[in-house]
Amino acid sequence: MATRVLQRASTGLKNTSNGLQTAGQLAVVTRSLAAFREDSWFKSLFVRKVDPRKDAHSHLLAKKEDSNLYKIQFHNVKPECLDAYNELCEDILPSIHTDPEYPCELVGTWNTWYGEQDQAVHMWRYRGGYPALTEVMNKLRQNKKFMDYRSERGKMLLSRRNQLLLEFSFWNEPVPRPGPNIYELRSYQLRPGTMIEWGNYWARAIEIRQQNHEAVGGFFSQIGSLYTVHHLWAYKDLQSREDTRNAAWQRDGWDEIVYYTVPLIQHMESRIMIPMKTSPLK
């Protein structure tokens, strides 16, 4: 009998323990769900409301009167090959630029002076947009001289990358200019969703930065690294660059534009570039 009493007592304790464990688990789950609901409600107070747009950024920011598409290329060259690379480019690129069979133009071609070293930067314009780009690419594949150039160029490069760009409607179209000049390419990686805001501010800013005709072109990416903006500037030398940039701070509105656009930027980079001999932008 004592044995049966002990067995019953043991069973009762086990059931009680299981019940308490189950109740504890339910309490934990209940508290977790309550905390999740409270946390979700709290976060919802700070969710940014996005207004629906009826058009793409490219249609809102790019020029309407034409369908220019731009390609920018960054080539990192082996240091010992830079001179040979420049000679190769100076022989081939102008021939494509001047050939009426190719609906494209060489906007400019440079070596980086300050910034990434042993780097070449090329910018092309395709009048007619993506169809023009496709036509040029197809024709170049049939161009033996160009394909030989690509093969030889590949031996000289460490890496390369490119982007397809559109130009902002409020910037000038890049046109050939006499030299000598130095060029600054300022590249901005914006926070996603801020391109329209950037464009609104810079539509005002460009009026301030045209005093010395230093503005060459402004572009935003379509393919490649997205939410990237490139501003291209021309100066006589580094001192004129310093003087021009300092003078902007004396004009009404520039400080406000800088104040509101800086928070839109995730990363920014400046390159000072020297034109190659055959660059249309001297």
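The values are calculated or read from the model by the stated rules, or taken from the named source; none is laboratory data. Since the model is a prediction, treat every value here as computed from it, not as a measurement. Virtual Cβ from ideal backbone geometry, glycine too; neighbours counted across all protein chains shown. All accessible areas refer to the heavy atoms of the entire protein, side chains included, with ligands and DNA or RNA removed. Shrake-Rupley method; radii C 1.70, N 1.55, O 1.52, S 1.80 Å.
If the requirement is being without any contact (Cβ under 8 Å) to a residue 60 or more places away in the chain, of a type outside the set (A, V, I, L, M, F, W, C) and surrounded by 13 or more Cβ atoms within 10 Å (Cβ to Cβ), which of these qualifies: Arg153, Arg209, Arg141, Arg160?
Values: Arg153 fails: without any contact (Cβ under 8 Å) to a residue 60 or more places away in the chain; Arg141 fails: surrounded by 13 or more Cβ atoms within 10 Å (Cβ to Cβ); Arg160 fails: without any contact (Cβ under 8 Å) to a residue 60 or more places away in the chain.
Exactly one of Arg153, Arg209, Arg141, Arg160 is without any contact (Cβ under 8 Å) to a residue 60 or more places away in the chain, of a type outside the set (A, V, I, L, M, F, W, C) and surrounded by 13 or more Cβ atoms within 10 Å (Cβ to Cβ), namely Arg209.
Just need a number here: residues in the stretch 71-98 that are surrounded by fewer than 13 Cβ atoms within 10 Å (Cβ to Cβ) and assigned to a loop (DSSP other than H, G, I, E, B).
To start, the set of residues in the stretch 71-98 that are surrounded by fewer than 13 Cβ atoms within 10 Å (Cβ to Cβ) comprises 79-80, 83, 87, 91, 98.
Retained after the next criterion (residues that are assigned to a loop (DSSP other than H, G, I, E, B)): none.
The total comes to 0.
Scan Lys49, Lys64, Lys54, Lys43 and give me the residue that is of a type in the set (Lys, Arg), open to solvent by 80 Å² or more (accessible area, probe 1.4 Å), part of a helix (DSSP H, G or I) and at pLDDT below 95. Walk me through how you get there before you give the answer.
Details: Lys49 fails: part of a helix (DSSP H, G or I); Lys64 fails: part of a helix (DSSP H, G or I); Lys54 fails: part of a helix (DSSP H, G or I).
Result of the check over Lys49, Lys64, Lys54, Lys43: Lys43.
Restricting attention to the stretch 212-228, and to residues there that are farther than 16 Å from Leu69 by Cβ and of a type in the set (A, V, I, L, M, F, W, C), which single residue is surrounded by the fewest Cβ atoms within 10 Å (Cβ to Cβ)? Let's see the steps before the verdict.
Initially, the stretch 212-228 is screened for residues farther than 16 Å from Leu69 by Cβ, giving 212-216, 225, 227.
If we keep only those that are of a type in the set (A, V, I, L, M, F, W, C) as well, we get 215-216.
On the way: Ala215: 20, Val216: 23.
Result: Ala215.
Looking at the stretch 126-138, can you tell me whether even one residue there is closer than 19 Å to Ile274 by Cα and in a strand (DSSP E or B)?
So far as the stretch 126-138 goes, no, none of its residues is closer than 19 Å to Ile274 by Cα and in a strand (DSSP E or B).
From Leu185, Leu190, which residue is farther than 20 Å from Ala120 by Cα, in contact (Cβ under 8 Å) with a residue 60 or more places away in the chain and surrounded by 17 or more Cβ atoms within 10 Å (Cβ to Cβ)?
From the options Leu185, Leu190, the qualifying one is Leu190.
Has the stretch 239-257 got any residue that is open to solvent by 10 Å² or more (accessible area, probe 1.4 Å), in contact with a strand residue (DSSP E or B) (Cβ under 7 Å, 6 or more places away or on another chain) and either farther than 26 Å from Val121 by Cα or at pLDDT 95 or above (or both)? Let's see the steps before the verdict.
The initial filter retains those residues of the stretch 239-257 that are open to solvent by 10 Å² or more (accessible area, probe 1.4 Å), namely 239-247, 249-256.
Still in the running and in contact with a strand residue (DSSP E or B) (Cβ under 7 Å, 6 or more places away or on another chain): 241, 244.
Those left that are additionally either farther than 26 Å from Val121 by Cα or at pLDDT 95 or above (or both): 241.
The answer is yes; a qualifying residue exists.
Within the stretch 99-138, track down each residue that is open to solvent by 10 Å² or more (accessible area, probe 1.4 Å), in contact (Cβ under 8 Å) with a residue 40 or more places away in the chain and under 16 Å from Leu185 (Cα atoms).
Asn111, Thr112, Trp113, Tyr114, Gly115, Glu116, Asp118, Trp124
Open to solvent by 40 Å² or more (accessible area, probe 1.4 Å), of a type in the set (Lys, Arg) and free of Cβ contacts under 8 Å to residues at least 40 places away in the same chain: does that describe Lys236? I'd like the intermediate steps shown before the answer.
Values: open to solvent by 40 Å² or more (accessible area, probe 1.4 Å): yes; of a type in the set (Lys, Arg): yes; free of Cβ contacts under 8 Å to residues at least 40 places away in the same chain: no.
Taking the combined requirement at face value, the residue does not satisfy it.
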